[in-house]
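For reference, the structure is listed below as structure tokens.
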Amino acid sequence: MSNLFVRTLRENPADAEVPSHQLLVRAGYIRRAAPGIYSWLPLGLRVLRKVEKIVRDEMNATGAQEVHFPALLPREPYEASNRWTEYGPNLFRLKDRRDNDYLLAPTHEEMFTLLVKDLYSSYKDLPLNIYQIQTKYRDEARPRAGLIRGREFIMKDAYSFDVHDEGLDVQYQTMRDAYEKIFNRLGLDYVICSAMSGAMGGSRSEEFLHPTEIGEDTFVRAASGYAANAEAVTTTQAEDVDFSDVPAAQVYETPESTTIEALVDVANKLLPRDTPWEAKDTLKNVVLALSHPGGEKEVIVVALPGDRDVDLKRVEAALAPAEVDVAGPEDLKNHPELVPGYIGPEVIGPNSPNRVVDEDGNISGSVRFLVDPRIARGSAWVTGANENEKHVFNLVYGRDFEADGTIEAVEIREGDPAPDGSGPLELARGIEVGHIFQLGRKYAEALDLKVLDENGKSQVVTMGSYGLGVTRVLAALAEKNHDDLGLAWPINIAPAHIHVLATGKGAEIFETAESLSGELTKAGFEVIYDDRAKVSAGVKFKDYELLGVPYGLVVGRGLAEGKVEIRNRVTGESTEVPVEEAVERVAELLKADLEAHGE
């Protein structure tokens, strides 16, 4: 410890909000270089390399082969796949001295595809699975939580290549199994959730989420085992309703009713009925502003029951790669038909008298109008009449207005029905630690990756993509493995197996501690030895607890009676043993723990 490049902190850094971020900085594992960018110190790097080794072990066991691409890449391949544009402001773009465009890679699909295209041309070369563990760069607007959402991070990305879809199915399952083995070896809890492919494209997509309250992702699960990211939850389309007895729509004066709550109050005073009006009887029309990757702006209106709220993440997943935000005054300037607080469907979407559709299907003159699947054809609503302080009652979907389509836009609630009909949904939060995709032929077609099949015919290759966030996994492990005192690593990823502490002033204490450290090192164990002469026992114990090495060996006052103390960092249990038996007893503990972790 007197030579180890580490400085521990007693207070949490001001910018650290979650335990993993606080403790990794305080324990001297990482150090902030800039927002979302961190330097790795010796202890942090040891843990990182152990996580990487477990990932490599299981990837290699599947037959996947490791490669390594540069992080600095030319524009042209990303132009071919359209991701130079699609990534929008998240992409770090730069120019060289000759004014050529480059980027810092956010991910490497294009490079993997071009490498295989360069070297392989026959079905005999496939199947193939290649992977790398490499640094990625994304210009996150709001980096947060230390390593959980950064601008620079380390990821394992693998790509499979097959001639036929059946081969892709096999490789996808192989990678799925490998990920389960990786997370099981790491001791990291996970839930496999159906997910949206988003800008990645592809036909099938699943996320591995580590459940934790500080997670950024909301996911759902049901008793049947159904699990999905909230963005990927599908809603059963509401069945058509008979509206034959619904009276004609009628507009009423509804003063000061720009909110759903105010509208419900007005409705119950204006048109009282046996069953009082509720928020669910109103149609909420939310105006959203879309920013497309090419810089184009678009305003759309999304309709949903008034008792529900829009989930912008779900909308963004449905409309990827566009970025979505709630429309502001500037967005509404060119749409005078949208009267804030009183927007109704009769002047928007297919209902607008100003709408023009050209021969190519391009729409102008009115905004797009999308409805939530909960809105049944034939259902009657109270909604805006497109005039200040006026609402229309008994406006029927399918009789009085139409929509351009449906969209999954509503925030999922605890207790909503599971899509598989198995019962109510439970909501939870998690950290995304892995994501696997069946990409299909999107990138192969964009970059013309073809091979000759068994019949000599040219076939576009089908691909799979398998990402695992190595630095995010480390953060998730820190979130799981800590207590009020500090980190508490499992033995297979800890920076050392045993932390030897010399707690006293006598020369014999230091000589004994150094001797025991040397013997444990010779026995093949990784040792941190706190040999600091002018540091108090209290400080040494605090550092031991903060660093989180799974076992401690304390040489101190007990040495006068020929004894030393073995501590278990996780359980807090301690045992005194004769000094001459210490190495053997510690070795037994460490070997048993390592074997339990598959090492």
Report task. For Asp358, work out the one condition from (1) among the charged types (D, E, K, R); (2) free of Cβ contacts under 8 Å to residues at least 24 places away in the same chain; (3) closer than 15 Å to Asn285 by Cα it doesn't fulfil. Result -> (3)
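How about segment 76-191: which strands (runs of 3 or more DSSP E) wholly inside it have at least 2 residues that are modelled with pLDDT of 95 or more, of a type in the set (Val, Ile, Thr) and buried (at least 16 other Cβ atoms within 10 Å of the Cβ)? Steps first, answer last, please.
Details: elements: 92-95, 101-104, 128-137, 152-162.
Per the criteria, 128-137.
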Requested in this report: Would you point out the residue of segment 8-42, among those that are in contact with a Ser or Thr (Cβ under 8 Å, 6 or more places away or on another chain) and open to solvent by less than 50 Å² (accessible area, probe 1.4 Å), that is nearest to Glu545 (Cα to Cα)?
Outcome: Ala27
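Is it the case that some residue within segment 428-438 is more than 19 Å from Asp372 (Cα to Cα) and at pLDDT below 90? Lay out the reasoning, then the answer.
Residues of segment 428-438 more than 19 Å from Asp372 (Cα to Cα): 428-438.
Cutting the leftovers down to at pLDDT below 90 gives us none.
Taking every residue of segment 428-438 in turn, none turns out to be more than 19 Å from Asp372 (Cα to Cα) and at pLDDT below 90.
Results for (1) at pLDDT 95 or above; (2) open to solvent by less than 10 Å² (accessible area, probe 1.4 Å); (3) closer than 27 Å to Thr571 by Cβ, shown as yes or no for each residue.
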| position | (1), (2), (3) |
| --- | --- |
| Arg472 | yes, no, no |
| Ala475 | yes, yes, yes |
| Lys480 | yes, no, yes |
| Pro495 | yes, yes, yes |
| Phe510 | yes, no, no |
| Tyr529 | yes, no, yes |
| Lys542 | yes, no, yes |
| Glu545 | yes, no, yes |
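Just checking, does segment 399-418 include any residue being within 30 Å of Phe112 (Cβ to Cβ) and open to solvent by 40 Å² or more (accessible area, probe 1.4 Å)?
Step one: filter segment 399-418 for residues within 30 Å of Phe112 (Cβ to Cβ), giving none.
No.
Mind telling me which of the residues Val287, Val315, Val301 ends up being of a type outside the set (Asp, Glu), within 30 Å of Asn268 (Cβ to Cβ), touching a Leu at 6+ places or on another chain (Cβ under 7 Å) and open to solvent by less than 50 Å² (accessible area, probe 1.4 Å)? If you could, list the steps in order and put the result at the bottom.
Details: Val315 fails: within 30 Å of Asn268 (Cβ to Cβ); Val301 fails: touching a Leu at 6+ places or on another chain (Cβ under 7 Å).
When all the criteria are applied, what remains is Val287.
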**Report entry** Residues satisfying the stated conditions in segment 204-235, i.e. in a loop (DSSP other than H, G, I, E, B) and surrounded by 18 or more Cβ atoms within 10 Å (Cβ to Cβ)
**Finding:** Thr212, Ile214, Gly215, Ala222, Tyr226, Val233
Requested in this report: From the list Ala560, Ala507, Ala523, pick out the single residue that is of a type in the set (Gly, Ala, Ser) and touching a residue at least 24 places away in the same chain (Cβ under 8 Å).
Outcome: Ala523
Report summary line: Checking Gly562, Gly556 in turn, the sole residue that is closer than 12 Å to Ala582 by Cβ and more than 40 Å from the chain's Cα centre (by Cα) turns out to be Gly562
Report summary line: Given the conditions (1) of a type outside the set (Lys, Arg); (2) open to solvent by less than 20 Å² (accessible area, probe 1.4 Å); (3) assigned to a strand (DSSP E or B), every one holds for Glu432 apart from (2)
Query raised in the report: Hey, does segment 349-362 have a residue that's over 30 Å from Phe112 (Cβ atoms), among the aliphatic types (A, V, I, L, M), over 32 Å from the mean Cα position of the chain (by Cα) and at pLDDT below 95?
Result: yes
Query raised in the report: Which members of segment 567-589 meet the condition of being closer than 19 Å to Asp483 by Cβ and buried (at least 18 other Cβ atoms within 10 Å of the Cβ)?
Result: Arg567, Arg569
Report task. Answer yes if at least one residue in segment 468-478 is on the phi < 0 side of the Ramachandran plot, in contact (Cβ under 8 Å) with a residue 60 or more places away in the chain and in a loop (DSSP other than H, G, I, E, B), and no otherwise. Result -> no
Query - Yes/no for Ala61 being at pLDDT below 95 and either charged (D, E, K, R) or open to solvent by 20 Å² or more (accessible area, probe 1.4 Å) (or both) - result: no
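Among the residues of segment 500-507, is any open to solvent by less than 10 Å² (accessible area, probe 1.4 Å), closer than 23 Å to Leu4 by Cα, β-branched (Val, Ile, Thr) and at pLDDT 95 or above?
yes
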Query raised in the report: Quick check, is Asn394 polar (S, T, N, Q), open to solvent by 30 Å² or more (accessible area, probe 1.4 Å), closer than 23 Å to Leu338 by Cβ and at pLDDT 95 or above?
Result: yes
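The values are calculated or read from the model by the stated rules, or taken from the named source; none is laboratory data. Just so we're clear, the structure is a prediction, and the values are computed from it rather than from any experiment. Neighbour counts are summed over all protein chains in view; Cβ atoms, including those assigned to glycine, are modelled from backbone coordinates with ideal geometry. These accessible areas exclude ligands, DNA and RNA; they are computed on the full protein's heavy atoms, side chains included. Shrake-Rupley method; radii C 1.70, N 1.55, O 1.52, S 1.80 Å.
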